[in-house]
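**Q** Dropping a structure here in structure tokens format, bear with me for questions.
A short reminder: the numbers here are calculations on the coordinates, not readings from a lab. Quick caveat: nothing in here was measured; it's all calculated off a predicted structure. With ideal geometry, Cβ positions are generated from the backbone for all residues, glycine too; neighbour counts draw on all protein chains shown.
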Amino acid sequence: MFDRILVPLDGSRVGEAAIPVIRQLVDKLAPTVQVEITLLAVIAILRHWVVVGEASAPVSYTEEEMGLIKQRVMDYLEQTAKTIRKEGVTVNTMVSTGNAGDEILKAADEIKADLIAMSTHGRSGIRRLAFGSITDRVIRSTNIPVLIVRAPEGITNEPQPGHYV
């Protein structure tokens with residue numbers, strides 16, 4: 001069955017929509033299987049823009065800035081993990097940097113995940129073409145089962161207070 005589950009998160013309520021579903025799945029499996037959940041966050045933006053007057057230029061984050069960003073992301077993951085651990089489930093956390101789709105696939109391989117559980121915005125048409133789909137990339141590039149949870153209506157991708165995004 002599923003004993004190693006990867007749950008990619010982005011710090012938003014949309015991103016967290018898969019967590020309640022995973023909790024229900026774990027509750028059903030718990031009597032017979034020791035489930036291990038890995039929460040993954042990918043830092044995809046590795047630079048910011050500096051604007052001076054009418055000129056602007058992309059500038060990479062310094063090592064110190066990246067360290068602060070990674071710590072903030074790890075704090076968010078640990079906070080989220082704490083609520084799941086209260087139910088007796090083993091929860092690990094991972095932070096990586098790079099392309100979100102690639103990093104999710106790499107992490108799934110690294111932890112030998114049996115299931116990837118992720119949320120989706122449910123975009124279609126032009127919006128999907130413009131923004132792409134990390135979920136679509138993952139589904140098309142893995143042989144691991146992927147559980148996709150569509151975020152309930154009314155939930156936005158805005159970060160919650162205290163979240164890292």
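**Q** Which of Tyr76, Tyr61 has the fewest other C-beta atoms within 10 Å, and how do the rest follow up to the most?
**A** Tyr61, Tyr76
**Q** With r as the distance between the Cβ atoms of Ile45 and Asn143 and R0 = 41 Å, compute the FRET efficiency 1/(1 + (r/R0)^6) and round to 0.05.
**A** For R0 = 41 Å, the calculated efficiency reads 0.90.
**Q** Which three lengths, in whole Å and largest first, does segment 4-150 cover when its Cα atoms are put on their principal axes?
**A** So the extents along the principal axes, rounded to whole Å, are 62, 38, 25.
**Q** Per 0.36 nm of contour for each residue apart, how much would the distance between Glu64 and Arg150 grow if the chain were fully extended, relative to their Cα-Cα spacing?
**A** 27.4 nm
**Q** Taking the simple approach of a point 7 Å from Cα along Cα-to-Cβ for both Gln24 and Lys82, what is their distance in nm?
**A** Inter-label distance under the simple model: 2.7 nm.
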